[in-house]
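In what follows, a structure is listed as structure tokens, so that the remarks can point back to it.
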Amino acid sequence: MIFLKLGGSLITEKANAETPRLDVLRRLALEIADARQADPALRLLIGHGSGSFGHAAAARHATQQGASTPEQWLGFVEVWRSANRLNRIVVDALSDAGLPVLAFPPSASALARSSEVTEMADLPIQRALGHGLIPLVQGDVAFDSVQGACILSTERVFTWLAARLRPSRILLAGAEAGVFSDFPANARLLPQVSQHDLAQQRVGASAAVDVTGGMAEKVRTALEWSRADPGIEIHIFSGEDPGQLRSALLGGRPGTRVAWS
């Protein structure tokens, strides 16, 4: 069982509002299809970030800080529409490659408290997996019992699902080759990251706008997964290089491995 995230920085132009990288998406979809053909037993759940779609709209409306006024709730809806537009593009790209993908948007199935998932309907996802389908989740808006509204990153959705579906591997494919120390001035790719590296602030942040926290937050969340289940193998790597994603799905160990200790 593999969880795969296609990062927003990989599948969209994060500097340009609502601009998908269609050629990259099509290539990634074909690599996933090739991996499934090479290993028919591969069980896969895919998630994707919002990139220049949801993040740009969320930054305009400060949705991550919550919603209470009518204007903020209209902003909440705008962020949902933006994230949904990208989700439709991703669904079509994966489907065109012959992948039996079925979308499960968190906005329709999850509730949160202070931006952490407290409830999510995972049984339909389990049923989809049981029938050989590929569930697709995403970074999305959600109703929050403390602040009204929030943005749930794909990583937070993975946290909820990992405790229930117990994946053996989690692969985070982005635009960067992995996790860098001293980014960007004296950047050096780290082959492995532990809680010690994060405590020493060796992990660099993402350059583009990311309302869910950028690279440092992704590493913190990945360390939570590793701490909760030391058997999970977690890699942060680049999906820019053709063939890298296919190799990773078939057992390759690209980029930076994240392990609690």
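Divide the volume of the convex hull of the Cα atoms of the chain by its number of residues and quote the answer in cubic angstrom per residue.
114
Report the local net charge at Ser52: Lys and Arg +1, Asp and Glu -1, summed over other residues whose C-beta lies under 10 Å from its C-beta.
0
Check Val193: other-chain or 5+ apart residues with amide H under 5 Å from its amide H, H built from backbone geometry?
Arg257, Val258, Ala259
What's the exposure ranking of Thr159, Thr63, Thr256, Thr12, going from fewest to most Cβ atoms within 10 Å?
So the ranking, lowest neighbour count to highest, is Thr159, Thr256, Thr63, Thr12.
Taking other Cβ within 10 Å of each residue's Cβ, how do Met1, Met120 sort, fewest first?
By the 10 Å Cβ count, ascending: Met1, Met120.
Return the inverse of the average 1/r over all pairs of distinct C-alpha atoms in the stretch 1-134, which is the Kirkwood hydrodynamic radius, in Å to one decimal.
Details: mean 1/r = 0.0624 Å⁻¹.
Result for the stretch 1-134 stands at 16.0 Å.
Per the Kirkwood formula on distinct C-alpha pairs, the Rh of the stretch 47-107 is how many angstrom?
One over the average 1/r among Cα pairs gives 12.5 Å for the stretch 47-107.
Return the sequence-ordered ³J(HN,Hα) values of the stretch 116-122 in whole Hz as given by the Karplus equation 6.51 cos²θ - 1.76 cosθ + 1.60 applied to θ = phi - 60°, using x for Gly and Pro.
10, 5, 10, 8, 7, 6, 8
With N set to the number of residues, divide the alpha-carbon radius of gyration of the stretch 120-198 by 2.2 N^0.38 Å and report two decimals.
On the way: Rg = 16.6 Å, N = 79, 2.2 N^0.38 = 11.6 Å.
Normalised Cα radius of gyration, the stretch 120-198: 1.44.
Cα centroids of the stretch 131-177 and the stretch 229-255: how far apart, whole angstrom?
Here the answer is 17 Å between Cα centres.
Readers should treat all values here as calculations from the given coordinates under stated rules, not as data from a laboratory. Predicted model only: the values in this text are computed from it and were never measured. In this analysis, Cβ positions are derived from the backbone assuming ideal geometry, glycine residues included, and neighbour counts consider all displayed protein chains.
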